[in-house]
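Q: Before anything else, here's the structure in question.
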Amino acid sequence: MSQAHRHRTPADQPDTSTITVDAYGERLMSTSPPASTRYVASHVSKAFNGAPVLHDVSAVLEPGEVHSLVGENGAGKSTLFKIMSGLYRPDAGELALGGERLADLTPRGALQKGVYLVPQEPTLMAHLSAAENLYVGALPHRRMPFIVDWSRIHREAATYFERVGLDIDVETPARQLSIAQQQLLECARALVHNCRVIMFDEPTSPLTSHETEILFDLMRVLRGEGLALGFISHRLDEVFEVSDHLTVLRDGRMVASAGRDEITRDQLVTAMIGRPIGVRTRVRRTSDVTDRREVLKVEGLSSRPTFEDVSFVLTKHEVAGLAGLVGSGRTEIAETIFGLRKADHGEVWLDGEPLEHRTPRRCIDAGLVYLPEDRGRNGIFSDVDLARNVTAGIVPRLPLRWHLISTAREEAVARDSAARTSVRAASLGASISTLSGGNQQRAMFSRWLLAEPRVAIFDEPTRGVDIGAKDDIYDIISDLATSGLACLIISSDLEELALTCDRVLVIYEGRIVGEVRDEDVTTARLGELVVGGGRG
Ligand SMILES: Nc1ncnc2c1ncn2[C@@H]1O[C@H](COP(=O)(O)OP(=O)(O)OP(=O)(O)O)[C@@H](O)[C@H]1O
Ligand SMILES: [Mg+2]
């Protein structure tokens with residue numbers, strides 16, 4: 001481990017022996033009257049291509065409760081919720097809603113029964129508006145069939161968006177929405193369908209604490225109305241804040257299940273990954289760095305109305321952060337620097353040379369890489385395998401054999417890089433879309449490590465990554481900075497910024513409104529600034 005992050009490991013090994021699966025089995029069998037929305041998955045097993053993913057897992061979503069699934073990347077959380085929402089068929093086990101057995105469940109059937117899954121990766125139609133996306137499959141008609149009631153759609157969409165804290169024009173095309181906005185739109189969809197059971201698969205991973213609180217308030221209201229809610233998150237503070245019941249999956253098996261007050265954080269972590277992880281602390285890294293050459297300079301960059309007059313420099317060995325609310329312009333700034341978007345003013349300089357007519361290819365060749373927050377749209381090549389997704393950033397530099405890319409050597413390169421972030425996949429030839437969300441994220445991170453950049457912009461580098469692997473990524477970033485990389489981290493997770501950054505720029509409504517450095521980089525201070533507290 002590098003010197004940047006150390007763990008305070010609890011002196012005493014937490015005792016998880018009191019939280020047994022057997023106790024949960026009793027709860028499952030309990031004779032409490034079947035409430036209409038009690039949703040039971042019992043003894044569910046599932047394998048893909050012969051590889052077991054879930055083994056004899058049971059969970060009950062009780063009406064008026066939030067039940068969270070926690071576990072490492074690839075533990076089987078999404079698979080369980082996909083089975084419960086009819087996307088996958090279980091190999092064994094049963095589903096029952098309000099005492100009624102649901103055999104051969106399909107997504108459509110699940111929706112008809114009032115069961116809805118907010119998916120881990122948003123599935124919006126890019127060319128349709130936000131309002132249209134909200135009602136896909138549920139368009140309200142006028143009294144005449146076939147005539148869609150657009151005025152009603154727009155009116156109602158605005159109300160739903162407000163309930164989930166989504167602050168956009170209802171006619172915005174979905175392709176213009178950030179990943180966080182897409183995620184909130186997915187949450188709003190759950191409300192449109194008026195469901196009794198809603199499962200949220202990592203809805204908060206792109207959200208700041210501000211948007212997360214709005215979503216949690218909504219979840220509490222829904223819980224109060226007697227809905228049964230499922231929730232997945234890698235942020236354990238959130239899990240403890242919002243859950244009534246917790247179930248831990250490890251390698252597809254249920255290893256603990258307990259009421260929120262019956263399990264501690266240490267017990268939960270130990271159940272998840274087999275060892276305790278203390279609270280992370282930060283050790284200042286860059287105090288002894290002398291070479292502070294300017295590597296990236298951004299001057300007066302604007303793309304109105306999204307952001308305006310953004311100027312900053314990044315020096316060698318520096319880890320800087322960019323904090324701001326969803327919609328503040330963080331990602332658009334990064335996309336404009338990297339040539340994914342056009343600037344209407346301003347310049348970008350790399351090592352003292354202007355970087356003009358920017359395209360991603362030119363930027364990569366010049367030594368500037370960007371890990372996008374929306375890997376579905378700007379990162380993953382979903383129709384090719386893991387190996388080729390990892391090497392995609394360095395294709396011109398791959399080892400050749402008879403003028404052709406040597407497949408064996410390409411795979412060796414990919415294997416080494418994927419190993420650095422511990423990507424877990426069946427094989428290098430596995431289609432990237434079959435990897436769990438967190439493992440896809442690790443693969444994207446490996447891609448940019450391979451490119452050996454001089455400047456890296458990482459937008460939500462640990463989105464969906466489990467707590468064990470997060471530390472590995474923080475250590476890699478810190479080691480890269482030590483060896484000279486200039487790095488800009490954009491993150492909704494203020495704790496992540498506080499742990500990794502030497503300096504954080506705060507953006508509010510498209511303008512840089514503050515900067516904190518060194519000892520002042522704390523979650524509390526950043527929290528004040530991101531909501532506009534630093535202005536004036
Ligand atoms: N369609 C599929 N085909 C093959 N394997 C799959 C498929 N879907 C999931 N898997 C595998 O099942 C395992 C569990 O995946 P799942 O998505 O349920 O994990 P998860 O707990 O949600 O992880 P994460 O926290 O990373 O989202 C992984 O090893 C994954 O590669
Ligand atoms: Mg998942």
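The values are calculated or read from the model by the stated rules, or taken from the named source; none is laboratory data. Everything numeric in this text was worked out from a predicted model, so none of it was measured. As a convention, Cβ positions derive from the backbone with ideal geometry for all residues, glycine included, and neighbour counts pool all protein chains shown. When the accessible area is computed, the model is the full protein with side chains, heavy atoms only, and any ligands, DNA or RNA have been set aside. Shrake-Rupley method; radii C 1.70, N 1.55, O 1.52, S 1.80 Å.
Q: Could you put 156, 495, 373, 171 in order of accessible surface area, largest first, with the 1.4 Å probe and the full protein assembly present?
A: I get 171, 495, 156, 373, largest accessible area first.
Q: Hey, got a sec? Which trypsin sites (Lys or Arg not before Pro) in the stretch 295-342 land in a DSSP loop and have at most 11 other Cβ atoms within 10 Å? List each step's numbers first, then the result.
A: Working: sites: 297, 316, 330, 341, 342; in loops: 316, 341, 342.
Sparse-neighbourhood loop trypsin sites (Lys or Arg not before Pro): 342.
Q: Compute the helix-to-body angle for 467-482: its Cα long axis versus the longest principal axis of the chain, expressed 0 to 90° and rounded to tens.
A: 0
Q: Right, here's the next one. Could you tell me the accessible area of residue 273 in Å² (1.4 Å probe, neighbours in place), rounded to the nearest ten?
A: Counting only protein heavy atoms, the figure is 20 Å².
Q: Moving on to the next point. Please identify the longest segment of the chain free of exposed chymotrypsin sites (Phe, Trp or Tyr not before Pro), where exposed means a DSSP state other than H, G, I, E or B and no more than 13 other Cβ atoms within 10 Å.
A: 147-380
Q: Step through the table entries 297/470; 46/77; 82/470; 46/113, compare each Cα-Cα distance with 19 Å, and write down the pairs that go over it.
A: The pairs that break the limit, which is 19 Å between Cα atoms, are 297/470; 82/470; 46/113.
Q: Output the relative contact order of the chain, whole-number percent, from Cα pairs under 8 angstrom with separation of 6+ residues.
A: Dividing the mean separation by the residue count of the chain yields 17 percent.
Q: Considering only protein heavy atoms, what is the solvent-accessible area of residue 168 at a probe of 1.4 Å, reported in Å² to the nearest 10?
A: 40
Q: How far is the Cα center of the stretch 157-216 from the Cα center of the stretch 416-436, in Å?
A: 30
Q: Please express the Cα-Cα pair-distance distribution P(r) of the chain as a list of whole percents, one per 20 Å bin, running from 0 to the bin with the greatest distance.
A: Values per bin, smallest distances first: 21, 55, 23, 1.
Q: Could you check how much of the accessible area of the chain is carbon and sulfur, as a whole percent, using a 1.4 Å probe? Numbers along the way, then the final one.
A: Values: 11340 of 22990 Å².
Ligands and nucleic acids excluded, carbon and sulfur give 49 percent.
Q: Taking a 1.4 Å probe, which of 201, 104, 56 shows the most accessible area, and what order do the others take after it?
A: From most exposed to least exposed: 104, 56, 201.
Q: Taking the solvent-accessible surface of protein heavy atoms with a 1.4 Å probe, what is the per residue accessible area of the chain in Å²?
A: Result: 43 Å² per residue.
Q: Could you calculate the FRET efficiency of residue 127 with residue 290 from 1/(1 + (r/R0)^6), where r is the beta carbon distance between them and R0 is 41 Å, rounded to 0.05?
A: 0.20
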